[in-house]
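Read through the structure below, which is laid out as structure tokens, and then see the notes.
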Amino acid sequence: MRRIAPARLGFRDVLRVGAAGLRARPARVFLSALGIAIGIAAMVAVVGISTSSRAQLQATLDRLGTNLLTAGPGRDLFGDNARLPAEAVGMVGRIPGVESVSATGKVEGVHVYRNDRIPEAESGGITVLAARLDLPKAIGLRVAAGAWLNGATARYPAVVLGAESAARLGVAAPNTQVWLGSRWFTVVGVLDPGELAPELDSAALVGWDAARAHLGFDGHPTTLYTRARKDSVGAVRELLAATASPQAPNEVEVSRPSDALAAENAADRAFTGLLLGLGAVALLVGGVGVANTMVISVLERRAEIGLRRSLGATRGQIRLQFLTESQLLAALGGAGGVVLGAAVTAVFAVSRGWPTVVPPWAMAGGVLATLVIGGVAGLYPAIRAARLAPTEALAVP
């Protein structure tokens, strides 16, 4: 007697059978897929926003350069404020590998006000600095309105305001007068915000000669800005303190502004890790929703399972049917989550003026994660459905 072999299900047949189970319960499928989609969207958006932020940071560093070094006076052995020599700029400029060097000097005891009727105590936290003419070249400063100091205005009562200083003083355009050091100074320019020199945003900058002639400036720089060749940054950094103050190099503090941006980026990466963890929790919750949906589906479809078994379907085919349903359900949520996460990234990046970057591995990883979760979540319901005996499944409750 010839044994009858069960019919084989092709790949298309398996997909049709699995999709039919999902189409029969659209509301439940949508809610279960939504849980997966939220988890995947959270993970893709976190990775995309973080990557876009780093791309913006890299573009900023490429534009401003990572070869800027700053040096300033620290504390002496007695804990008092140290001073850099007045000749520090010229000495640093002779270090091999230095492309340009400039400086600012803090003018002590001098404040700036919108007019001469404002009480002296309400200075607004604006620092008055003497500035050299080549400062924009060394730092990469850009003027938003007006112009930078020149050979003429640097000798007379003229001032350039940082972005925050202009906002605090209510100055939006040049050719406005402000009360500085008990006399009127004319605003000749307003600066754009400076990424590598944020201390200048809240400063009022006057010419080096004007500060000495009108404000009692002692001529000692308080911050040196040094641009070095990219292949010489390390060597210049080693020599900068000893060159700026040969008699007391230990009293000079040297820093690299781009390091602060890199540290900020590292903090963002740590925060990104936390958000990814929250996204993973959301994804786990979505997986539980898929498992719950499939278990209920098995309970509700006992008669269908029994009928298919009676018509010759094997346990393996029943198991494959429910695994396919769970995989399709998870894939639906994963695809929606990837699209939603990419859209959130794009909207956020555009609103901040960043380039939109969503790594392909994040999108592929999101879909792969949903397939794994769908397989794990659907495994038990599929095994349970396959174990139902035809007589038990067709029995009327």
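A few comments on the model shown:
- 3J(HN,Hα) from dihedral phi, segment 109-123, Karplus parametrisation 6.51/-1.76/1.60, rounded to Hz, x for glycine, proline: x, 10, 10, 10, 9, 5, 8, 7, 9, 7, x, 4, 6, 8, 7
- Taken over the alpha carbons of segment 93-245 as equal point scatterers, the Debye sum produces base-10 log I(q)/I(0) values at 0.09, 0.12, 0.16, 0.18 Å⁻¹ of -0.29, -0.50, -0.83, -1.01.
- Share of carbon and sulfur in the accessible heavy-atom surface of segment 104-153 [1.4 Å probe, %]: 48 percent
- For segment 345-358, the Karplus equation 6.51 cos²θ - 1.76 cosθ + 1.60, evaluated at θ = phi - 60°, returns couplings of 4, 5, 5, 5, 5, 5, 5, 9, x, 9, x, 8, 10, 10 Hz by residue, with Gly and Pro reported as x.
- Taking every protein chain into account, the accessible area of segment 57-167 amounts to 49 square angstrom per residue (probe 1.4 Å).
The values are calculated or read from the model by the stated rules, or taken from the named source; none is laboratory data. Computed from a predicted model, the values in this text were never measured in an experiment. The accessibility values were calculated without ligands, DNA or RNA, using every heavy atom of the protein model including side chains. Shrake-Rupley method; radii C 1.70, N 1.55, O 1.52, S 1.80 Å.
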